[in-house]
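Every number here is computed from the coordinates shown, using simple stated rules; none is lab data. In this text the structure is predicted, and so the values were computed from the model without any measurement. Methodologically, a virtual Cβ is constructed for each residue, glycine included, from the backbone with ideal geometry; neighbour enumeration extends over all protein chains shown.
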């Protein structure tokens, strides 16, 4: 008699609990028909890097977030004067700053697919009628520093000569740690 009344006492709550469990299971069993939020998401760009050294060399640290938040279409208006003025601060002629502003702004990598792929190289599209982009072996920091301080744009007023002075190099040798086939980078030593 006690067992029968015990079973009757827990039967109703047990059936209710099992019904909720069945509904929860049924609601989770088919994810293909689920819908997510319908609100439009807005993302804030926090950084971008196109050409090496534009933000790191030409812009003051306080301008880095601004550079990272705007798009390339705004670069010329926002940063042209700063890029032009930087080489002049080191006694370089205006042609150096003007040329660098013209080829580095807007700050994005340019790849001209109508050019010979063998001419790939950073700044080659602007200064050597090349393909553009960046080859894996390009030492873009040394090339950029040489463009600013070396003979590349103004041979008569160079502050370094063919990477000999520290001003035109980051002093990191290129170990040629890449191969000609995919995955291109060789295993670390």
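Values for this structure:
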read-out: Globularity ratio of region 36-119, using Cα Rg and 2.2 N^0.38 Å; value: 1.36
read-out: Relative contact order of region 63-115, defined on C-alpha pairs under 8 angstrom at six or more residues apart (%); value: 37
read-out: Burial ordering of 138, 116, fewest other beta-carbon atoms within 10 Å first; value: 116, 138
read-out: Principal axes of region 119-173: Cα extent on each, largest first, Å; value: 28, 26, 12
read-out: Calculated log₁₀ intensity ratio I(q)/I(0) where the Debye formula runs over C-alpha points of region 68-163, q = 0.16, 0.17, 0.22 Å⁻¹; value: -0.71, -0.80, -1.18
